[in-house]
Amino acid sequence: MSFTHEHDLFRDSVRAFVAAEIAPHVNAWDEAQGFPRELYRRAAHVGLLGLGYPEAYGGTPADGWFRLVATEEIARAGSGGLMASLFSHNIGLPPIIAHGSAVLKQRVIPAVLAGEKIAALAITEPGGGSDVARLRCSARRDGGDWVIDGEKTFITSGMRADWITLAVRTGGPGAAGISLIAVPGDTPGLERHALAKMGWWCSDTAQLRFNHCRVPADHLIGDENAGFRIVMENFNGERLLMSAGANAFAQVCFDEALDWARQRRTFGASLVEHQAIRHKLMDMQMRISSTRAWLHALVQRHEDGDTGPQWVAELCLLKNHATQTMQFCADQAVQILGGMGYMRGTKSERVYREVKVMMIGGGAEEIMKELAARQLGL
Ligand SMILES: Cc1cc2nc3c(=O)[nH]c(=O)nc-3n(C[C@H](O)[C@H](O)[C@H](O)COP(=O)(O)OP(=O)(O)OC[C@H]3O[C@@H](n4cnc5c(N)ncnc54)[C@H](O)[C@@H]3O)c2cc1C
């Protein structure tokens, strides 16, 4: 398959939503280091938050192509920070959907998909993020509760999340001692501190400290000490969406650079008439097209049920390829825009600052290569 008429209609509706509700505000939201909570409700209203989730919880079942369309269209606003925070539930909820109890699902999911509550995922710790198997934040059983102690860092939507899907150590050392617990944001003992960063300004990013936080025992997601596998499964979905987002932001840079190159004149000709500039644009196009072809192939294979080692390996490499495409295109676009590309308010300037987090978050480049090599039996 690929895109059908339904996908095209959906694309039109998301494009209209982004043009009306997001694009005009992203510069101001970035400068203000936040966007209105109300946007979650509006995004839910047009079906964006519930896309691909079961109807029973207020979602709209949809194939991977719809999610790809949504990602491409939201990227048009040129803000990765907006995308990361508005859709942080796409990394926070899947473990609960796949492994939570029926009661927990009802407690958490409908309100998040309705845009009334915000969900986040907290894996990374001050001591390290890549080596998930060594995480230290702990939870121990005390009567009918889990008691949680420890720290998490760099958590997207961490400041205002109402639900935090938290990775904790409930057992011995290593991957076999990790569990996931859904922690309500108003749990006594939870401290949050906002972190300042290079890009993604309108996205809140937090350090979290859990001081003897008590959470009901039935908030465990899946079996005790079976969390590591769930975390790894969850990364696959995140990496596919990040790859789609990275290529979409590369396209945003291309579009802005081409537009500029057509309007701007130097030495008696428009920029695009200068061969060196046309070649930059073609170098961008070449990377975007090849990334898109690979992305589409992996989406199709996923739709066909292929999530085997070869698919996972290619996904890891695609994430690297897509973020490198984004980096290259942001760099070229800023160059084509000249001084204007260095000014706040152009999309390329923002994407240039935002690309690094795409190369680090959701599994850093080096880790992606290691994981791919292992999946391929090297
Ligand atoms: C803006 C932002 C938002 C984020 N949002 C979230 C979130 O919502 N939830 C969450 O849990 N985390 C989040 N993260 C954290 C992110 O996932 C981690 O930063 C990432 O996994 C890397 O972990 P680290 O920063 O601890 O780096 P480290 O693990 O300390 O690694 C540092 C560097 O060394 C490299 N490295 C590590 N081990 C090896 C090795 N064996 N061989 C070669 N190189 C190696 C890494 O690739 C990396 O480049 C976010 C990060 C940022 C910046």
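In vacuum, with every alpha carbon of the range 293-366 counted as one equal point scatterer, what does the Debye formula give for log10 I(q)/I(0) at q = 0.12 Å⁻¹? Two decimals, please. Scattering profile of the range 293-366, log10 relative to I(0): -0.43.
Once you sort the root eigenvalues of the Cα gyration tensor of the range 103-157 as a ≥ b ≥ c, which label holds: rounded (a/c under 1.5), prolate (a/b larger than b/c) or oblate (the other case)? Let's see the in-between values first.
On the way: a/c = 2.87, a/b = 1.33, b/c = 2.17.
Verdict is oblate for the range 103-157.
Counted residue by residue at 0.36 nm each, then reduced by the alpha carbon distance between them, the extension gain from H274 to L9 reaches 91.6 nm.
If I take R0 = 30 Å and measure r between the Cβ atoms of S138 and D255 in this structure, what FRET efficiency does the formula 1/(1 + (r/R0)^6) give, to the nearest 0.05? That pair, S138 with D255, gives E of 0.05.
Which of rounded, prolate or oblate describes the chain when judged by the alpha-carbon gyration tensor and an a/c cut-off of 1.5?
Details: a/c = 1.78, a/b = 1.68, b/c = 1.06.
Cα axes put the chain in the prolate bin.
Average accessible surface for the range 96-203: 40 Å² per residue, computed with a 1.4 Å probe over protein heavy atoms with every protein chain in place. Counting only residues at least eight positions apart within a chain, or on another chain, the lysines with an alpha carbon under 16 Å from that of K347 are K356.
Given the convex hull of the Cα atoms of the range 85-223, what is a quarter of its surface area in nm²?
Details: hull surface 31.8 nm².
Value for the range 85-223: 8.0 nm².
By the rule of a C-alpha distance below 15 Å, with chain neighbours fewer than 8 residues away ignored, the aspartates and glutamates paired with K369 are D131, E314. Once the 1.4 Å probe is applied to the protein heavy atoms, the range 1-77 comes out at 48 Å² accessible per residue. Amide H to amide H, with H built 1.01 Å from N, A62 comes under 5 Å of G52, Y53, counting only residues 5 or more places away or on other chains. Taking trypsin sites (Lys or Arg not before Pro) in DSSP loop conformation with at most 14 other Cβ atoms inside 10 Å as exposed sites, the chain has its longest uninterrupted site-free stretch at 137-378.
Each residue, H45 and E370, gets one label point 7 Å from its Cα in the Cβ direction; the gap between the two is 4.6 nm.
Angle of helix 102-113 to the longest C-alpha principal axis of the chain, folded into 0 to 90 degrees and rounded to 10: 30°.
According to the square roots a ≥ b ≥ c of the eigenvalues of the Cα gyration tensor, what is the shape class of the range 215-324, taking rounded for a/c under 1.5, prolate for a/b larger than b/c otherwise, and oblate for the remainder? Judged from the Cα gyration tensor, the range 215-324 comes out prolate (a/c at least 1.5, a/b above b/c). Suppose R0 equals 45 Å; then what is the FRET efficiency for D149 and E303 from their Cβ-Cβ distance, rounded to the nearest 0.05? Once rounded, the FRET efficiency stands at 0.60.
Can you give the extra length, in nm with one decimal, that the chain gains between S101 and T266 once fully stretched, where that is 0.36 nm per residue apart less the Cα-Cα distance?
Details: separation 165, 0.36 × 165 = 59.40 nm, distance 6.38 nm.
Taking S101 through T266 to full extension adds about 53.0 nm, to one decimal.
On the chain, 54 percent of the accessible area sits on carbon and sulfur atoms, based on a 1.4 Å probe.
Sorted by accessible area (1.4 Å probe), largest first, how do D30, D142 line up? List each step's numbers first, then the result.
Details: D30 5, D142 60 Å².
Ranking D30, D142 by accessible area, largest first, yields D142, D30.
The residues of the range 228-287 expose, per residue, 51 Å² of accessible area to a 1.4 Å probe. Computed from backbone phi, the HN-Hα couplings of the range 8-17 come to 5, 5, 4, 4, 4, 5, 5, 4, 5, 4 Hz, rounded to whole numbers (Karplus: 6.51 cos²θ - 1.76 cosθ + 1.60, θ = phi - 60°; Gly and Pro given as x).
The values are calculated or read from the model by the stated rules, or taken from the named source; none is laboratory data. This structure is a prediction, so every number in the text was calculated from the model and none was measured. Using ideal geometry, Cβ is built from the backbone for each residue, glycine included, and neighbour counts are taken over all protein chains shown. Areas reflect the complete protein model, heavy atoms only, side chains present, ligands, DNA and RNA absent. Shrake-Rupley method; radii C 1.70, N 1.55, O 1.52, S 1.80 Å.
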